[in-house]
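Asker: Here's a structure for you.
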Amino acid sequence: MRNLTVTYAGGAAAVRGVDLRLDAGSKLGVAGESGCGKSTLALALLRLLPAGARVGGEILLDGEDVLTMKWGRVRAVRWARASIVFQGAMHSLNPVHRVGDQIAEPVLLHGRATAAGARKRAGELLEQVGLPAARASAYPHELSGGQRQRVMIAMALACDPRLIVADEPTTALDVMIQAQILRLVEQLVADQDVGLMMISHDLAVLAGTCDRLAVMYAGRIVEEGPAAQVYEDARHPYARALSDAFPRIGDPSSRFAPRGLPGDPPDPSALPGGCTFHPRCPVALDSCTVEDQPLRQARAGWRAACVRVGRDGPEGAGPDRRCEGVPHPGSEARPDIP
Ligand code: ADP
Ligand code: MG
């Protein structure tokens, strides 16, 4: 994505100038609170936004711009080159069709097989995602939530796409099933050399699954870098607050004082001036109320959009010392742990 912008009818600027790159065989996590523009980003990728939404910039899929494709080409690209696993499998599956037929449908539509071949392929795909092929004859309501999410993943894989976008694929599942689904997705990506963009509000899940992590706030990427490092040592105060919101195994202090971030992300039709995060930022400077911050290099391959990051010195000049010593948001309020 290059300088991707999405403005909904009514003026909500839901995505504002997003630059992201995803290589085949790698996994990019996109995190952020509800309302930060993650799903809008996913929908824009396959031109699934509602009529009236204005989209700018470029979305290059193996070099071909999705935004300028003719509709016939868009239909050919959907499922076959890029597919989406939506949040909430119950709402995405058709309740009156057997799941096997729903998996076979894109295979048939894309002329990949005959009716009998598509049915066989549906059975194979179900086995690939850990369900017996015989479950193809089940209706969605006859499956558990985790099984339905597996069906959605089988559908996404049906035509061997190059890119899979998974929008909160495990948010509605319990933690045990969530772990199974994540392992499955990870293994499929590794085996088939597809690019995976995984969206979640759960930074811990993304850090455990993805190679790189992008944190979104108010329609922009505020930090992007190697997943484990962004999770452990975020440079942007918002990314820090997100990562501090999850208790850490082995760190008892986080259990006693889970840190949150007061307030909500701004309404995209009424964004605050300056850095959009400044009203919630515990370490904002006076200048943050007027100066917007672009993404700057914090370390090699790691960017953040904060006044405290990589301001002077040549790009890649090494770690930005001024980040160190900046308190984690909310840390002042932590009681002493005996
Ligand atoms: P996320 O997936 O991060 O929760 P969304 O992309 O769903 O965020 O939403 C981003 C912003 O765009 C929100 O403020 C939301 O209210 C707004 N939005 C989403 N869909 C529409 C729509 N169809 N029309 C107008 N505004 C929308
Ligand atoms: Mg969403």
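The values are calculated or read from the model by the stated rules, or taken from the named source; none is laboratory data. Predicted model only: the values in this text are computed from it and were never measured. All Cβ positions, glycine included, derive from the backbone under ideal geometry; neighbour counts span all protein chains shown. Each accessible area value is taken on the protein alone, full model and side chains, heavy atoms only, with ligands, DNA and RNA left out. Shrake-Rupley method; radii C 1.70, N 1.55, O 1.52, S 1.80 Å.
Asker: Need at least 1 residues that are under 20 Å from the mean Cα position of the chain (by Cα) and within 18 Å of T170 (Cα to Cα) per element, so show me which helices (runs of 4 or more DSSP H) inside region 1-97 make the cut, counting only ones lying wholly within it.
Answerer: Numbers: elements: 38-45, 71-77, 89-92.
Correct list: 38-45, 89-92.
Asker: Filter region 55-73 down to the residues that are open to solvent by 60 Å² or more (accessible area, probe 1.4 Å) and farther than 28 Å from A239 by Cα, then identify the one that is nearest to ligand 1 (Cβ to nearest atom).
Answerer: Ranking the qualifying residues of region 55-73, first place goes to W71.
Asker: Mind telling me which of the residues R112, R162, R150, R98 ends up being touching a Cys at 6+ places or on another chain (Cβ under 7 Å), of a type outside the set (D, E) and away from ligand 2 (no atom under 16 Å from the Cβ)?
Answerer: Values: R162 fails: touching a Cys at 6+ places or on another chain (Cβ under 7 Å); R150 fails: touching a Cys at 6+ places or on another chain (Cβ under 7 Å); R98 fails: touching a Cys at 6+ places or on another chain (Cβ under 7 Å).
None of the other options fit; the residue is R112.
Asker: Can you name the number of the only condition in (1) touching an Asp or Glu at 6+ places or on another chain (Cβ under 8 Å); (2) farther than 22 Å from A305 by Cα; (3) within 16 Å of ligand 2 (Cβ to nearest atom) that L48 fails?
Answerer: (1)
Asker: Within region 171-211, restricting attention to residues that are of a type in the set (G, A, S) and more than 16 Å from ligand 2 (Cβ to nearest atom), which residue is most open to solvent (accessible area, probe 1.4 Å)? Lay out the reasoning, then the answer.
Answerer: Taking region 171-211 as the starting set, the residues that turn out to be of a type in the set (G, A, S) are 172, 179, 190, 195, 200, 204, 207-208.
Keeping just the survivors that are more than 16 Å from ligand 2 (Cβ to nearest atom) gives 179, 190, 195, 204, 207-208.
Values: A179: 40, A190: 77, G195: 3, A204: 39, A207: 20, G208: 59 Å².
Ranking the candidates gives A190 first.
Asker: With respect to the numbered conditions (1) within 16 Å of ligand 2 (Cβ to nearest atom); (2) acidic (D, E); (3) more than 25 Å from A228 (Cα to Cα), which one is the sole condition not fulfilled by E33?
Answerer: So E33 meets the others, but not (3).
Asker: Any idea which residue in region 154-168 is farthest from ligand 1 (Cβ to nearest atom), counting only those that are over 21 Å from L126 (Cβ atoms) and in a loop (DSSP other than H, G, I, E, B)?
Answerer: My answer is R162.
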